[in-house]
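Here the structure is laid out as structure tokens; the discussion comes afterwards.
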Amino acid sequence: MAAHSHHAHDEHNVGEIPPAQTKGIWKVFFILCAITAVEFAFAFMMDAGMLRNSIFIVLTIVKAFYIVAEFMHLKHETKSLIWTIMIPLVLLVWLIIALISEGAYYGDSVFNYFK
Amino acid sequence: MSTTTTLEQANTTTWDGGNEPMKASYGKLMMWFFLLSDAFTFCAFLTAYGAIRHRHHAYTGAPEDFTFSTAYWPIPEKVFNAFPGLHGVDLPLAFVALMTMILILSSVTMVLAVEAGHRMDKADVQKWLLWTILFGSAFVGCQAWEWGHFITGTEQGMTLPDGSVFHGANLKFNQYGPVLFADLFFFITGFHGTHVFSGIVLLIIMFINTVNGTYQRRGHYEMVEKVGLYWHFVDLVWVFVFTFFYLV
């Protein structure tokens with residue numbers, strides 16, 4: 001933008017600020033709080049185990065979705081940008097699962113080899 | 001004068017640099033790619049955490065009979081059960097719940113600042129940026145207390161082979177369980193805390209620029225939006241740290 005247009009822009013904005021649209025933001029806030037509360041309920045009312053861990057991970061991903069999609073506005077960007085971010089992240093999740101399960105197998109076999 | 005006009009026209013066409021890929025500005029795209037690379041780093045931490053935890057025995061007895069031992073991985077809610085001002089009271093995960101709420105709240109005030117920026121509402125941007133700085137600082141303060149408590153330890157402590165009693169944890173000794181549990185705690189929450197701290201510094205710069213009217217003159221508050229992306233990412237990382245370090 002050329003420098004001379006700035007002044008006009010400045011004057012244009014004084015005195016006519018549109019009202020805030022914050023309903024959706026607070027809705028996401030309450031969803032995040034509710035999910036966190038549910039996580040605590042599971043932490044205290046359910047015995048530890050594979051099932052409880054799976055519930056935690058699913059709820060975490062739901063929370064992550066709301067933060068990335070609404071707070072970081074990714075849901076409202078173009079399709080190409082969404083995929084540019086999402087594909088590497090999904091591959092990363094795969095990498096974590098693969099490294100932990102393969103690492104556990106490899107670790108077990110190395111540690112137990114001479115037993 | 002006429003040359004300037006020609007240039008302005010030429011620059012608006014698709015192949016002359018007048019096009020924004022993915023309809024996002026250069027700065028915003030680069031922030032997204034930076035955050036992606038940062039996600040790689042945190043994933044490396046999570047992988048190390050998962051692999052190391054897998055190499056330790058899990059506690060198999062009843063949760064009520066749990067005692068600290070280096071023989072197995074501790075139950076997180078037995079380690080993090082203290083609250084400032086309530087010494088000796090067993091409040092599992094209460095303090096970390098408070099920290100989580102503070103960080104989610106700071107994320108909300110950050111979106112509100114970005115939203116105010118879209119409306120060119122300078123006063124509102126200032127107000128919400130200040131709230132975000134306040135909540136962010138409160139979070140770092142809470143984390144400092146949590147670290148302090150973890151390092152100081154409990155009265156009971158741990159008896160070392162030479163007969164002396166060791167309280168708390170550092171990178172070499174850990175009364176709560178295996179040494180690597182403390183190491184991972186320090187590295188993962190420390191790395192996240194450093195991110196929060198950098199975020200607060202960026203937010204203070206945003207606040208000063210907003211007060212000086214820099215963005216009002218520029219005609220948009222996109223810089224606040226970019227720092228907002230970073231701030232939400234920090235919140236996002238905490239969601240995962242919270243689950244994998246405190247809940248699972």
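The values are calculated or read from the model by the stated rules, or taken from the named source; none is laboratory data. What you see is a predicted model, and the numbers here were worked out from it, not measured in a lab. Methodologically, a virtual Cβ is constructed for each residue, glycine included, from the backbone with ideal geometry; neighbour enumeration extends over all protein chains shown.
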Number of the exception - B:ARG53 against (1) at positive phi; (2) part of a helix (DSSP H, G or I): (1)
Criterion (over 20 Å from A:GLN21 (Cβ atoms) and surrounded by fewer than 16 Cβ atoms within 10 Å (Cβ to Cβ)) met by exactly one of B:TRP145, B:TRP73: B:TRP145
Residue under evaluation B:LEU91, criteria (1) within 14 Å of chain A (Cβ to nearest Cβ); (2) surrounded by fewer than 17 Cβ atoms within 10 Å (Cβ to Cβ); (3) among the aliphatic types (A, V, I, L, M); (4) closer than 30 Å to A:VAL110 by Cβ, criterion not met: (4)
Residue check, B:TYR230 assigned to a helix (DSSP H, G or I), buried (at least 17 other Cβ atoms within 10 Å of the Cβ) and either touching a residue at least 12 places away in the same chain (Cβ under 8 Å) or within 12 Å of chain A (Cβ to nearest Cβ) (or both): yes
Residues of the range B:94-115 satisfying the condition of being touching a residue at least 24 places away in the same chain (Cβ under 8 Å) and under 30 Å from B:HIS220 (Cα atoms): B:ILE102, B:LEU103, B:ILE104, B:LEU105, B:SER106, B:SER107, B:THR109, B:MET110, B:VAL111, B:ALA113, B:VAL114
Single condition B:MET120 does not satisfy, out of (1) part of a helix (DSSP H, G or I); (2) in contact with a helix residue (DSSP H, G or I) (Cβ under 7 Å, 6 or more places away or on another chain); (3) within 10 Å of chain A (Cβ to nearest Cβ): (1)
Filter result (more than 9 Å from chain B (Cβ to nearest Cβ) and within 14 Å of A:GLU70 (Cβ to Cβ)) within the range A:25-56: A:LYS27, A:PHE30, A:ILE31, A:ILE35
For B:ASP235: the one exception among (1) surrounded by fewer than 23 Cβ atoms within 10 Å (Cβ to Cβ); (2) out of contact with any Phe, Trp or Tyr (no Cβ under 6 Å at 6 or more places or on another chain): (1)
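For every residue, the table says whether it meets (1) surrounded by fewer than 20 Cβ atoms within 10 Å (Cβ to Cβ); (2) in a helix (DSSP H, G or I); (3) more than 14 Å from chain A (Cβ to nearest Cβ).
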| residue | (1), (2), (3) |
| --- | --- |
| B:THR154 | yes, no, yes |
| B:PRO161 | yes, no, yes |
| B:ALA182 | no, yes, yes |
| B:MET206 | no, yes, yes |
| B:MET223 | yes, yes, yes |
Selection from the range B:50-84 of residues that are within 10 Å of chain A (Cβ to nearest Cβ), modelled with pLDDT of 85 or more and more than 20 Å from A:GLY107 (Cα to Cα): B:ILE75, B:PRO76
